[in-house]
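A short worksheet on the structure shown next.
The values are calculated or read from the model by the stated rules, or taken from the named source; none is laboratory data. Note that the structure is predicted; figures quoted are calculated from it, not measured. Virtual Cβ from ideal backbone geometry, glycine too; neighbours counted across all protein chains shown. Calculation scope for accessible area: heavy atoms of the full protein, side chains included, ligands and nucleic acids excluded. Shrake-Rupley method; radii C 1.70, N 1.55, O 1.52, S 1.80 Å.
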Amino acid sequence: MASSASLIFNPIKIFSATPSCSVRFRIIKTKAALKALESNSNDLAQTKSTIHRDSLRVLEWEKVCDCVASFAGTSLGKEALKEQLWFLNRSYEESKSLLVETSAAVEIFKFGGCGMEFKAIDVELVKSAIGHASRGLPVEGSEALAVASLLQLSQALQSNLRAAFKEDTDSYNRFMPLTEWIMDLITNQALVNSIEQVVDEDGCVKDSASSNLKRYRDQMRTLETKLFQLLDNTIRNEIDGSSSMEVGNIDGRWCIKSRFDQITSINGLLMSSGSGVGSLVEPFAAIPLNNELQQAKALVAKAEEEVLLKLTEKIQTNLDGIELLLKTIIRLDVVVARAKYSLQFGGTYPDLFLTEDDAGVLTVKSCSPSSGTSKVNLSYQTQREWALYLPKAYHPLLLQQHRQNMQQAKKDITNARAEIRRRKVQGEAMDSKGNSDADLRFLEMKVSKLKESYPIPVDFFIGSRTRVLVITGPNTGGKTICLKTVGLAAMMAKSGLYVLSAEPVRIPWFDSIFADIGDEQSLSQSLSTFSGHLRQISAIQARSTSKSLVLLDEVGAGTNPLEGAALGMSVLESFAESGACLTIATTHHGELKTLKYSNDAFENACMEFDEANLKPTYKILWGIPGRSNAINIANRLGLPKIIIDDALVLYGTASSEINEVIVDMERFKQDLGEHVVEAQNYLNMSRGLYEKLLHVKQKIEENRITQRYKMMKELSEASAMARSLLHQRLRQARALAVERSQNTEKLSNIHTIAKSKQQAAQAAPASPANHSKFKVEKPPSSEKPVQIPKISDLVYISSLATKATVLKVEASKNEITVQARNMKLKLKLSDIQR
């Protein structure tokens, strides 16, 4: 047993004993071997484009292309989109332009769509109309109608876009460059009117298109009516078997159909007969009318052709514009399909950047901001110079399959419920109803399971110094899915698609994406699995550049484990030294995990395994080399203890200790991840509280401004009211002063006149004549004496024509004091009235 254990390959000892010069020699030797292998198989060599296409094939890129193309509204749009997605020689600037176009379409759909739907346009008919018109042939009615629909769509798009600009002025820039595309579309309402005047909704030429056409069609209808009446009367006159006869039409000629076994007495031409169709007889009486009908049809066809030729001439005058419009609509359809796919599957705008190799460190060479990149808001972690930042990324095909399964399950539930309602209405037996209810519960459970089994996303965080990532893990642990997810994400970003990730991503632009995944066995070329992989790796190594992405699945597999591990180490060191921009490899060989500890260009990762449930979790643990779980799984599955103990001895104590270290590292990694998640949660909470605080502060400031404005408004209104009241009182005081002066002047005049009369009476002689002349007449005895008012009585002052309140009475002086408005007056009792 000890001798057997001493023969076990120990990677730690071998690696520590190997000097650096031997590593360099091994790299050179591996390069030479790969080149020699390639030169020996020149007849099997492939071009870079072919290898690239083969790599995309193993990544199942064609399925992604089919899924994206299904969102196109036109057949030509689907073809153009597939061709665009399969175009490989695309530059970095072209990829950025495609992303900006997709982002603009996404913004349009977020705004409401602006009528960006193209399913109603039959582009094949438009293309056919352009071909006929360019050759001088008359277009068909359906083709002309398709051209009119295309022109109407152009008008609708421009109208909807103008309405969007009025509603949101910033949308003009957000929708660029699609804004320019749409606003530059040609419109021709005159041509649309011309087409609608002569072609109906079914694509047929209208009777009103020309007078000749209407006359010939009326003639044709008259002949058809006569023929039908003639044949119908002929059938009615037939005595035997008339019930089995009917009027028919063959090759445009009216005839009588009868059973194959029926003998009739109708005289005419036998058009056809057989055991399957019976007999078709054209009566002699119908032949002249049928001939006239054929002539009328020919005249109708000629008249229609004349109308369509005139219409074709009008289309020819605008042929270049219509052809350009068709190309632009197809181009818009392609962009809209990319945007619909990105929105439907929850994609994220990728921060695509160009890298350069600076002393083994990948750095950003140029990443000019654009309208699309401004939408990217990467988290704090991406501030580190990640070569690849791909958080929570989904495999497109897994996500698509899950959505299809979910839609089918929900559709089955809808059908089952409809079936239950139908049976209730028809009152079927209860046992069938019970079966339906059980089926419905089963389908609902299926939907619940599908919701729980949502595809698990993967995280890829590769530092700028990493050139080779080595992923280890058990079979069916998700390593290959991770490789394909990264490869498809890189290809989607390069092709102008959003990356299916729950968070913003940062990904380099790769000139080529090479992959060696799956079984490359070829019986026709007499290649084993190992030879097929080696041939593919050789071609990839020869054609990859410093801007290429290389994905290697199970590197070094298919041969002796020791030789495979050594070859795998040499291949990966070769890629790290002067190979691709980034290489990601999966392996079962534990020796490849040691490369990280001697070369900073390497990084380790492993697929997490749930030992409690003995199944993978499909999550990646970063910075941790994978460990073997075979012996632990065998122990849990009940393998005899003696076998387990012998296996542990053969495996070696050092390997067990390494596994224990790896276990501790995994535990620390999980603890660190939990702390990071907890810290991230606290950080998100802090950000939320900070945003709420800013919101509250803004509300307080707005409330302060509102209250201040309200107070200033109230003060302004109060001061205006006070000024108005003050001016009113001032006007009243001035009026009262004027009135008082006038009243005083009147009273003074009255007293002056009375005094003058009194003095005149005293100065006159006392003669009887004079006495009689100036005798003052006494008031009649019937006049009542003036009553003395009391305090607070209301009296009337006739001289002032106003009322007043008595304030004081002096009966001895025959005077009173009154309050008239704002004046106090002292009057004689004779000056007032009660």
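What the table below lists for this structure:
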read-out: Accessible area of the stretch 158-239 belonging to carbon and sulfur atoms, whole % at 1.4 Å probe; value: 45 percent
read-out: Simple spin-label estimate for Arg90 and Ser578 in nanometres, 7 Å along Cα-Cβ; value: 3.2 nm
read-out: Protein accessible area in the stretch 528-644, 1.4 Å probe - carbon and sulfur %; value: 54 percent
read-out: Long pairs among Lys96/Lys692; Lys78/Lys166; Lys119/Lys449; Lys119/Lys411; Lys166/Lys410; Lys78/Lys449, criterion Cα-Cα beyond 29 Å; value: Lys96/Lys692; Lys78/Lys166; Lys119/Lys449; Lys166/Lys410; Lys78/Lys449
read-out: Of Lys479/Lys593; Lys206/Lys310; Lys206/Lys302; Lys757/Lys824, pairs whose Cα-Cα distance is over 19 Å; value: Lys757/Lys824
read-out: Relative contact order for the stretch 572-646, counting Cα pairs under 8 Å that sit 6 or more residues apart, in percent; value: 20 percent
read-out: Accessible solvent surface per residue of the stretch 441-586, calculated while the other protein chains remain in place, 1.4 angstrom probe, Å²; value: 34 Å²
read-out: Which of Phe111, Phe514 is most accessible, then next, and so on - probe 1.4 Å; value: Phe111, Phe514
read-out: Label point distance in nm, Gln294-Gln407, each placed 7 Å from Cα along Cα→Cβ; value: 5.2 nm
read-out: Cross-link reach list, aspartates and glutamates versus Lys790, counting only Cα pairs under 13 Å and skipping chain neighbours closer than eight places; value: Glu810, Glu815
read-out: Surface accessible to a 1.4 Å probe, Lys446 within the full protein complex, Å²; value: 90 Å²
read-out: Among the listed pairs Lys484/Lys615; Lys63/Lys596; Lys340/Lys494, those beyond 28 Å (Cα-Cα); value: Lys63/Lys596
read-out: With every protein chain in place, the stretch 451-509: carbon and sulfur % of accessible area (1.4 Å); value: 51 percent
